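The values are calculated or read from the model by the stated rules, or taken from the named source; none is laboratory data. Values in this document were obtained by computation on a predicted structure and should not be read as measured data. Cβ sites come from the backbone with ideal geometry, for glycine too, and all protein chains shown count toward neighbours.
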Amino acid sequence: MYESTSGGIVIKEYRNEWKFCCDENDLEILRNRLDAILEKDAYGDDNGRYEIHSLYFDDYKDTCMRENDAGISERAKYRIRYYGDRSDSIRLERKEKRDGRGRKRICLLSGADYRKIVDGAADELFWQTKDPLLQQFCMQCMTRKFMPKAIIAYERTAYVEDISHIRVTLDQNISVSDDLSHFLDGDYMRYPIQEKQMHVLEVKFDYILPGYIKHLITNRNLSQSSFSKYGLGRRTLQDRGRL
């Protein structure tokens, strides 16, 4: 499923990605049931949780946000991400969507690479790097004026089933920030992207979702959603007069 290319990772096949919004009660019930049937991701703390920090980029027309809102079937967006307080281990991701299925392309970034990107020196980085994904991103920065737009942060509990290549995640305390200069130190003002405590369940699988996992969703009467953390985060900033 994974292929290494010039220091990056390509997920070759698109996967099904189902998202559902759930309230606090649903979240706890799902967590208890998932604890009983799946293994937690090895990267979490004692409770299986970890924090995710993502810096999203868009062009001067906000094309990524507009395509997401319009439900364009084939689209892509770029983000820089790190986990927990490990800002010394950051990566660039290109998230691609096609007909409801998704995949990610990933490459690692050095601190110097990151600084060049946010300081507007993507043209210099383009000639220095040999990574095709980073070159592609730098080209977008040069030709379409891609720039940082918003930080999205949240807590994740992840479950895995390695044999069937299934991943189930519970995301909570989702917030947005426009304090972009403090992205790497994590010390930025955060705004919740929803007024009430709503969380996101996401299920990723290749072809067929086993019945015992599907039952967890149908048993809670959860409705599938096209929830976009980035899109909702940008609208939250707009509502607060931050754009």
Does Arg242 satisfy the criteria of being among the basic types (Lys, Arg), more than 19 Å from Arg15 (Cβ to Cβ) and part of a loop (DSSP other than H, G, I, E, B)?
yes
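Residues checked against (1) small (Gly, Ala, Ser); (2) under 24 Å from His199 (Cα atoms):
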position	(1), (2)
Arg31	no, yes
Tyr43	no, yes
Asp46	no, yes
Ile52	no, yes
Lys77	no, yes
Gly84	yes, yes
Ala121	yes, no
Glu124	no, no
Lys130	no, no
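Sort out which residues of the range 173-202 are of a type in the set (Asp, Glu), part of a loop (DSSP other than H, G, I, E, B) and either under 17 Å from Ile37 (Cβ atoms) or in contact (Cβ under 8 Å) with a residue 24 or more places away in the chain (or both), and write them in order of number. Break it down into steps so the answer makes sense when it comes.
Looking only at the range 173-202, we keep the residues that are of a type in the set (Asp, Glu), and these are 178-179, 185, 187, 195, 202.
Within this subset, residues satisfying the condition of being part of a loop (DSSP other than H, G, I, E, B) are 178-179, 185, 187, 195.
The answer is Asp178, Asp179, Asp185.
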Since His215 meets every condition but one in (1) assigned to a loop (DSSP other than H, G, I, E, B); (2) free of Cβ contacts under 8 Å to residues at least 40 places away in the same chain, which condition does it not meet?
(1)
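Go through the range 90-120 and report how many residues are polar (S, T, N, Q) and within 16 Å of the chain's Cα centre (by Cα).
0
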Checking Tyr207 against (1) in a helix (DSSP H, G or I); (2) more than 21 Å from the chain's Cα centre (by Cα): exactly one of these is not met. Which one?
(1)
Test result for Ile208, at negative phi and in contact with a Leu (Cβ under 9 Å, 6 or more places away or on another chain)
no
Among the residues of the range 206-219, is any at pLDDT below 95 and charged (D, E, K, R)?
yes
Residue in the range 88-102 that is at pLDDT below 95, over 25 Å from Lys19 (Cα atoms) and among the charged types (D, E, K, R) present:
yes
Looking at this structure, is Phe205 surrounded by 14 or more Cβ atoms within 10 Å (Cβ to Cβ), touching a helix residue (DSSP H, G or I) at 6+ places or on another chain (Cβ under 9 Å), of a type outside the set (Val, Ile, Thr) and touching a residue at least 60 places away in the same chain (Cβ under 8 Å)?
yes
Of all residues in the range 56-87 being surrounded by 15 or more Cβ atoms within 10 Å (Cβ to Cβ) and among the β-branched types (Val, Ile, Thr), which is nearest to the chain's Cα centre (by Cα)?
Ile80
State all residues of the range 139-159 that are buried (at least 17 other Cβ atoms within 10 Å of the Cβ) and of a type in the set (A, V, I, L, M, F, W, C); if no residue qualifies, say none.
Cys141, Phe146, Ala150, Ile151, Ile152, Ala153, Ala158
